[in-house]
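Student: My structure is below; once you've seen it, I'll send some questions.
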Amino acid sequence: MLLVYVSKSHKSQNIALLLIIAACCAGSCVRPNPEAQSTSSQQVREFTDETGRLVRVPVHVARIVSLAPNLTETIFAIGVGDRLVGNTTYCDYPPEAKAIAKVGDTLQPSIERIVALKPQLVLVSTASQLEAFTKQLDDYQIAVYVTDPRDLEGVFTSIKNIGLLLGKEIESLALVNQLRARTLSVEEAVKSRRAPSVFYQLSAEPLYTAGRDAFVTDLIHRARGHSVTAEVPGAWPRYSGESALAARPETIILPAGDSMGADAEIATAVSRSPAVVNGRVYRINADLLVRPGPRSIEGLEEIARALHPEAFAK
Amino acid sequence: MLEARNLTIKYGLRVAVAGLSLKLQPGEIIAIIGPNGAGKSSLLRALNASVQAAAGDVLLDDRSVATYSRRNLSRRIAVVAQEADLRFPITVLEFVLGGRYAWSSNSAWGWETVRDLEVVQQVLHETELEELSHRFLNELSGGERQRAVLARALATEAGVLLLDEPTANLDLAHQAALLMLVRSRCDTRAASAVVVTHDINLAAEFANRIILMKEGRLIASGAPEEVLTPLLLREAFGVTVLVDAHPVTGVPRITPVHEMLR
Amino acid sequence: MTSTAAVKAPGRVVTLDARLTFRRMFIACLLLLVALLLIIFGTSLLGSEQLPTRATICALVTYGDHSCGLRPDHEAILFDIRLPRIILAASVGASLAAAGASYQALLRNPLAEPYLLGISNGAAVGTMLALVYFAGNEWSRPMMAFFGALLATLVVYRLALGRAGVTPERLILAGVIVTTFLSSVIVFVTTLMDATRIRSFTFWLLGDLSGTTSSMLAITVAFALLGTAVLVVNARSLNLLMLGERDAFDLGVEVGRVRLVVFIAASFLVGSSVASSGSVGYVGLVVPHLVRLSLGSDNRITIPAAALAGAIFVVVADTLARTVIAPRELPVGAITALVGAPLFIYLLRRGI
């Protein structure tokens, strides 16, 4: 408490003083109050996340925020959907996920909203979101765990890691075993078949496709397809129409879904390719192909069925 | 024949010229003098329909100038403004050829005709710019540039020349030379000219008639001897002047008398 | 009719040649046209897919005669993908350069250019609206782009109009304001709305010459020819306007009418270019200046020559865009900026 002596001749000085005091009080309100986050003797475990960062996570995590749809799906798949307190506007599966509080989209989530939900752990899906907030969330002493699944095997690893983080090792292992069994069954079914050439068209004009680092490239490979753009550097390269035409793909896969519309057009460059001529253009739910999570297996199965209908004819 | 009848020009609420009338006869040069803000330039601008009259009219051959097409009017009335503002490199020849625009039949894409070149050739000779015809305009001196501006106006072969302070940036030698050119044009081809100028002595020397303006109004109009009197000049400029006769030419010579504050 | 005038003046006979300007224009444009055709021919042989040279040349010359021995898919690459794209590049380049040259003359500003003045972005917003509300109708795109371009032009012009007319400083300021504002609008809308319907903002802000249908190509070529013709027809008036609106008015130019016609024609040019391929910057800035440096400021020469030179510039830039990191592609606007900016610095030092 400060006593301020108000004197007529020093009025302006005193106003300034009052303002400074007010500013200090306001400043202390903004700084995160350390007490809110860690209750007296919360035990903490140390993990190394999938990008090599060291993360300190409470032993029992009751409140989680997920910043990617695939992570939301994983969380629900291992049975801890009830601990999810916040997710993104894109998190729409399973249906229960839609009812959970939204903190924004995957690229620009709102720090304020996240903090207001008082999570103990925030799950992030790719390293690209990292810069933006880990620093800020660190200040609020919220643990951020980054997963970085690049291929199907990576998805299994992520599921297991998430299981570890949330005390659901058994459930996550069971899930991974299930998914792996399905994967193996698909790979078995198509094992000795000839791999047709595949062109994955992300968008028609301008022409974007899946490159070496795209997740779906791994799925295509496992489904015994030969993606014509598998060697192109990058994840989603802008591709030359000539090369797409010259590749003469036997099959074309188009991601489809609510946002894409069932009638996504085929790029002019491949409009007369063998795929189109033979009617082997397949529209597969985009969510199954780009969300590296439990449903990726469904994506794999759909691709395999599309590429090798005879193998699944029964 | 160019005539202004009861011309009033307004910019918003401000009256620049109020009820002014003048008649320009072929072969004559009229000089318009007056203090700053007298409306001289506005008057000049109204004469070629650059500025619209709020009341009254400007008539060319008994037809309002507003009824002439732009091209038509430019063949009859030419303007010599102060130096051109040059942002792109252009040669003297190209610049002066611009004066032939109004004569091009297929104006837009129109390429210059033989006649265009003959006229420009003549004009370049008159204004002593032949040697400089292929130089860039911005390489010329101020005086040479002003001659080029005059040359362009002469190239239009217009019967009426309107000059807005043409000698403002010229040295002594070029001032007289320019006005002599105008004078000879008026004498040889029965053209006429209206010159707005601050140089009263030059006006006295070259003009047939002088119009004295103040605050948009005509104060006096007539031969130099009639208008350039100490009384009238005091009324217009608020300056005391001494008027005598030029020792050589005999025209009125105006010498201002300033109060020295020491 | 004699094409020369020789007037005897005391002491000197000076000969002026009436045909001089016309002849220069004719020669310059002929050379540029030949260069353009050669470059179109040459760049048809280049691309992310290697085509057999002899068979390709044969096919080009005979326009698809099957006896040339070109495989069907190579034929498809050549005639369905590569050649249309090259022709589109030429149209876009010609349109933007001619429009740029006209803006510079009309606004008396060496920096006037569709991109810098925000006119390209206006066209982009127009096209985006067409894609959202009139998705099926192809004609709606260049038309809405035209309106967007014209609207942007009028806004910039009004903003730049001070008491002393349109000074260079005010014009550039107004242009910067409008460009940046509209860029933000574009980013905003493309972020909110589904990118597959209205293209990403790299398309709008950096250009992309792939993926046009033959009807859009035809429209762009037609607009390019028509718009450039209108500008050329007004070239002499632009010559006078370049020296100042007042001077031009005094000399008989119907300033208001010419200004409107030029704005409209240029908006058609910019609109059709942007509608088919996004904003390709620097073309309208650098090409006219290079042309003026070599051929002088007479717009009767500058505008057609700039159109041809602009076509060459964008064809070459696009060839680079589609071959340097093949099979991936770069946006053509990135190349024009990479080339155009240093070129412009060079021009600045030469003193434009």
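The values are calculated or read from the model by the stated rules, or taken from the named source; none is laboratory data. Worth saying up front: this structure is predicted, and the values here are computed from it rather than measured. In this analysis, Cβ positions are derived from the backbone assuming ideal geometry, glycine residues included, and neighbour counts consider all displayed protein chains. Areas reflect the complete protein model, heavy atoms only, side chains present, ligands, DNA and RNA absent. Shrake-Rupley method; radii C 1.70, N 1.55, O 1.52, S 1.80 Å.
Student: Of C:ARG246, A:ARG291, which has the most accessible area and how do the rest follow, probe 1.4 Å?
Tutor: Numbers: C:ARG246 140, A:ARG291 25 Å².
Most to least solvent-accessible, the answer reads C:ARG246, A:ARG291.
Student: Got a number for carbon plus sulfur as a percent of chain C's accessible area, 1.4 Å probe?
Tutor: Roughly 69 percent of what the probe reaches on chain C is carbon or sulfur.
Student: In µm²/s, what is D for region B:184-262 at 37 °C and 0.692 mPa s, where D = kT/(6 pi eta Rh) by Stokes-Einstein and Rh is the Kirkwood radius from Cα pairs? Numbers along the way, then the final one.
Tutor: On the way: Rh = 13.7 Å.
So the translational diffusion coefficient is about 240 µm²/s.
Student: Quick one: Cα convex hull volume of the protein assembly as shown, Å³ per residue? Write down the numbers at each step before the final one.
Tutor: Numbers: hull volume 231.6 nm³, N = 928.
About 250 Å³ per residue, rounded to a whole number.
Student: Have a look at the DSSP beta bridges in the protein assembly as shown and tell me what percent are antiparallel, nearest 5. Walk me through the numbers before you get to the answer.
Tutor: Details: 43 of 80 bridges.
The answer is about 55 percent antiparallel.
Student: Please turn the phi angles of region A:56-71 into ³J(HN,Hα) values with the Karplus equation 6.51 cos²θ - 1.76 cosθ + 1.60 (θ = phi - 60°), one per residue in order, whole Hz, x for glycine and proline.
Tutor: Listing the rounded values in order: 9, 10, x, 4, 10, 9, 9, 10, 10, 10, 10, 10, 7, x, 5, 6 Hz.
Student: I want to make sure I understand the PRE zone here: with the label point 7 angstrom from the Cα of B:ASP187 toward its beta carbon, which residues in region B:5-47 have backbone N atoms less than 17 Å away?
Tutor: B:26-30, by backbone N distance to the label point.
Student: Under the Karplus relation 6.51 cos²θ - 1.76 cosθ + 1.60, θ = phi - 60°, what is the ordered set of whole-Hz ³J(HN,Hα) values for region B:9-18, x standing for Gly and Pro?
Tutor: 10, 10, 10, x, 9, 7, 8, 8, 9, 10
Student: With a cut-off of at most 11 other beta carbons within 10 Å, and DSSP calling the residue loop, which trypsin sites (Lys or Arg not before Pro) in region C:128-194 qualify? Please list them.
Tutor: Values: sites: C:ARG158, C:ARG163, C:ARG170; in loops: C:ARG163.
Of the trypsin sites (Lys or Arg not before Pro), the ones in loops of region C:128-194 whose Cβ has at most 11 other Cβ atoms within 10 Å are C:ARG163.
Student: Oh, and also: Roughly what would the spin-label model give for B:ASP85 and B:ASN169, points 7 Å off Cα along C-beta, in nm?
Tutor: Distance between the two pseudo-spin positions: 1.2 nm.
Student: Further question on the same structure: Within 10 Å of each Cβ in B:95-104, how many Cβ atoms from other chains are there, averaged over the peptide?
Tutor: Averaged over the peptide's residues, the number is 4.
Student: How crowded by other chains is B:122-131, given as the mean number of beta carbons from other chains within 10 Å of each beta carbon?
Tutor: On the way: counts 3, 0, 4, 6, 1, 0, 0, 0, 5, 2.
Average neighbour count from other chains, rounded to a whole number: 2.
Student: Further question on the same structure: Using a 1.4 Å probe on protein heavy atoms, which residues of region C:61-82 have at least 50 Å² less accessible area in the complex than alone?
Tutor: With the partner chains in place, region C:61-82 has these residues losing at least 50 Å²: C:ASP73, C:ILE81.
Student: Here's a follow-up. Give me, ordered by chain and number, the residues 5 or more places off A:ARG45 or on other chains with an amide H under 5 Å from its own placed amide H.
Tutor: Those qualifying (amide H under 5 Å, at least 5 residues apart or on another chain) are A:VAL57, A:VAL59.
Student: Right, next: Label-point separation (nm) for C:VAL339 and A:VAL276, each offset 7 Å from Cα along Cα-to-Cβ?
Tutor: Rounded to a tenth, the inter-label distance reads 3.0 nm.
Student: Looking at chain C, which Cys residues are left with no other cysteine's beta carbon under 4.7 Å from theirs?
Tutor: Among the cysteines of chain C, those whose Cβ sits 4.7 Å or more from every other are C:CYS29.
Student: What percent does the relative contact order of chain C come to when contacts are Cα pairs within less than 8 Å and at least six residues apart? It would help to have the intermediate numbers written out before the result.
Tutor: Numbers: 567 pairs, mean separation 96.9, N = 352.
Once divided by the residue count of chain C, the mean separation gives 28 percent.
Student: Give, rounded to the nearest 20 debye, the magnitude of the charge dipole that the protein assembly as shown has about its Cα centre when Lys and Arg contribute +1 at Cβ and Asp and Glu contribute -1 at Cβ.
Tutor: 520 debye
Student: Once amide H atoms are built 1.01 Å from N in the peptide plane, which residues 5 or more positions from B:THR240, or in another chain, come under 5 Å H to H?
Tutor: Here the answer is B:VAL257, since their amide H atoms fall under 5 Å of that of B:THR240.
Student: How many Å² of accessible surface get buried when A and C come together, counting both sides, probe radius 1.4 Å, rounded to the nearest 100?
Tutor: Numbers: alone 16580 and 17200 Å², together 32030 Å².
Roughly 1800 Å² of accessible surface disappears when A and C pair.
Student: Just checking the output field for C:204-213: average partner chain Cβ neighbours within 10 Å of each residue's Cβ? Spell out each step's value before the answer.
Tutor: Details: counts 0, 0, 0, 0, 4, 1, 11, 9, 2, 2.
Other-chain Cβ atoms within 10 Å of each residue's Cβ, averaged: 3.
Student: Note the buried accessible area between C and B here, summed over both chains, with a 1.4 Å probe, in Å² to the nearest 100. If you can, show how the numbers build up before the last one.
Tutor: Details: alone 17200 and 13350 Å², together 26710 Å².
Result for this pair: about 3800 Å² buried.
Student: Considering only protein heavy atoms, with the full assembly of protein chains and a 1.4 angstrom probe, order B:ASP171, B:ASP62, A:ASP218 by accessible area, largest first.
Tutor: Values: B:ASP171 80, B:ASP62 115, A:ASP218 30 Å².
Descending order: B:ASP62, B:ASP171, A:ASP218.
Student: Taking only protein heavy atoms and a 1.4 Å probe, what accessible area per residue, in Å², does the protein assembly as shown have with all protein chains in place? Numbers along the way, then the final one.
Tutor: On the way: 41540 Å² over 928 residues.
Accessible area per residue: 45 Å².
Student: Then there is this: List the residues whose amide H sits under 5 Å from the amide H of A:ILE284, counting only those 5 or more places along or on another chain, with H placed 1.01 Å from N in the peptide plane.
Tutor: Hits under the 5 Å cutoff: A:LEU254, A:ALA256.
Student: So what's the net charge close to B:ASP199: Lys and Arg +1, Asp and Glu -1, counting the other residues with Cβ under 10 Å from its Cβ? Before the final figure, lay out the partial values.
Tutor: Working: positive: none; negative: B:GLU165, B:GLU205.
Summing Lys/Arg as +1 and Asp/Glu as -1 gives -2.
Student: So if R0 is 51 Å, what FRET efficiency would C:HIS66 and A:ALA181 give, r being the distance between their Cβ atoms, rounded to the nearest 0.05? Before the final figure, lay out each step's value.
Tutor: Working: r = 54 Å, r/R0 = 1.07.
In this case the efficiency is close to 0.40.
Student: If you don't mind, there's one more thing I want to ask. Take peptides B:41-53, C:300-312, B:236-248 and line them up by average Cβ neighbours within 10 Å, highest first, as a rough protection proxy.
Tutor: Numbers: B:41-53: 20.8, C:300-312: 28.4, B:236-248: 12.8.
Listed from highest to lowest mean packing, they are C:300-312, B:41-53, B:236-248.
Student: Moving on. Using the charge dipole of chain C (Lys, Arg: +1 at Cβ; Asp, Glu: -1 at Cβ; taken about the Cα centre), state which of C:LEU51, C:ALA305, C:MET242 has its Cα farthest towards the positive end.
Tutor: Going by the Cα projections, it comes out as C:MET242.
Student: May I pose another question? Round to the nearest 0.05 the FRET efficiency obtained for B:GLU235 and B:ARG135 when R0 = 45 Å and r is the Cβ-Cβ distance.
Tutor: Numbers: r = 47 Å, r/R0 = 1.04.
So, using R0 = 45 Å, E works out to roughly 0.45.
Student: If you wrap a convex hull around the alpha carbons of region B:14-153, what volume per residue comes out, as a whole number of Å³?
Tutor: Details: hull volume 22.0 nm³, N = 140.
Given the Cα convex hull of region B:14-153, per-residue volume reads 157 Å³.
Student: Same structure, new question: Once fully extended, how much extra length lies between C:TYR346 and C:PHE188, figured as 0.36 nm per residue of separation less the alpha-carbon to alpha-carbon distance?
Tutor: Values: separation 158, 0.36 × 158 = 56.88 nm, distance 3.51 nm.
Extending this stretch completely gives an extra 53.4 nm.
Student: Starting at the first residue of region A:188-201, write each ³J(HN,Hα) from the Karplus equation 6.51 cos²θ - 1.76 cosθ + 1.60 with θ = phi - 60°, in whole Hz, x for Gly and Pro.
Tutor: 4, 4, 9, 3, 9, 8, 6, 7, x, 6, 10, 10, 9, 9
Student: So, one more: So for A:LYS168, B:LYS10, what's the accessible-area order with a 1.4 Å probe, most first? Spell out each step's value before the answer.
Tutor: Details: A:LYS168 45, B:LYS10 105 Å².
Result, largest first: B:LYS10, A:LYS168.
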